[in-house]
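Below: the structure, in C-alpha cells.
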Amino acid sequence: VPPYGRSGLYAALTEARAVLTEYREAQGADVADVRLALREQIMQAIEKAGLTSDVPFPGDAEDVQSTSPELFDRYADDVYGYLSILEQRLFSSGLHTLGQKPTEGVLVSYLEAYFGDSLSTEAVAAVCAGKVEVGGESLAFPAENEAKLREAIEIKQLLERTPEELDGVVRALNGEFLPPATGGD
C-alpha cells in the first residue's frame, strides 16, 4: 500500500473557496447587492481554478449578472460542495517498495489521512508506536473511539505484514497457486 495523504486545497482552489465562502456568508440588508457583486469574482475564480468543466455553469456563463439568484445560489453551493469533496480526497503521496515494512512516520501519515478528524492525532501516534491496547489501561481515549482504535490497530498490523509480499512473488515465480485476496485496486 503506498503512503496516502489528504489532497487539501491549494492556490486557485483556495481562492475559489474563499470567494464562495464570502458569497455564502454575506448578510445584512444589502445581501442581494453584495452577492450580485461577487458573482463575477466567483466565475473568474472558478475559471482560474480550472473547475468550469468539472462543475459547469447551468446558465449563460457570459451573463451571470442576469441569472436568477436561486440558480446562482444552487450553482455556488454545487461548486462549494465539489471543493469540499476534492479537499478530502486521498491521494498517493509516495511509492510503496515491495516487501518493505512502512516506517512509523509513513504509518502515521497513512492513518491520519484514512481517519481524518474521526481519530485524534494523539491516538494515531499512539497506535503507530504500539502504545494502545483497546480495552487496556495503557492510554486513555474516549470509549466512543474504541471501534476506530480497533480498526487503526488492524490496519497497522496489516501494513506491517508487507514483507510477506516477497513470499508471494517467489511463489508466483515458481508457478505455485496464490489464493485471491482483496486488494485496494
Open item on the list: With a 1.4 Å probe and all protein chains kept in place, how much accessible area does residue 118 have, in Å² rounded to the nearest 10?
Closed with: 50
Task: Hits among lysines - C-alpha to C-alpha of residue 131 under 18 Å, sequence gap 8 or more where chains match - done: 148, 156
Task: Solvent exposure ordering (accessible area, 1.4 Å, most first) of 80, 10 - done: 10, 80
- [ ] Run the 1.4 Å probe and let me know the accessible area of residue 112, rounded to the nearest 10 Å².
- [x] 70
TODO: At a temperature of 37 °C and a viscosity of 0.692 mPa s, determine how fast the stretch 16-92 diffuses translationally according to Stokes-Einstein, using the Kirkwood radius over alpha-carbon pairs as Rh; express D in µm²/s, rounded to the nearest whole number.
DONE: 254
Open item on the list: Give me the one-decimal nm value for the distance between modelled label points at residue 170 and residue 37, 7 Å along each residue's Cα-to-Cβ direction.
Closed with: 7.2
Task: For the stretch 78-89, 3J(HN,Hα) per residue [Karplus equation, 6.51 cos²θ - 1.76 cosθ + 1.60, θ = phi - 60°, Hz, x = Gly/Pro] - done: 4, 5, 4, x, 4, 5, 5, 5, 4, 5, 8, 5
Task: Estimated vicinal HN-Hα couplings, Hz - the stretch 67-74 in sequence order (Karplus 6.51, -1.76, 1.60; Gly, Pro = x) - done: 5, 4, x, 5, 5, 5, 4, 5
Open item on the list: Below 15 angstrom from the Cβ of residue 27, what's the summed charge of the other residues (Lys, Arg +1; Asp, Glu -1)?
Closed with: -3
Task: Cα-projected label distance for residue 121 with residue 158, points at 7 Å along beta-carbon direction, nm - done: 2.6
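The values are calculated or read from the model by the stated rules, or taken from the named source; none is laboratory data. Computed from a prediction, not measured in an experiment: that's the story for all the values here. No Cβ is skipped: glycine too gets one built from the backbone with ideal geometry, and neighbour counts run over all protein chains shown. Protein only, heavy atoms only, side chains kept; ligands, DNA and RNA dropped before computing areas. Shrake-Rupley method; radii C 1.70, N 1.55, O 1.52, S 1.80 Å.
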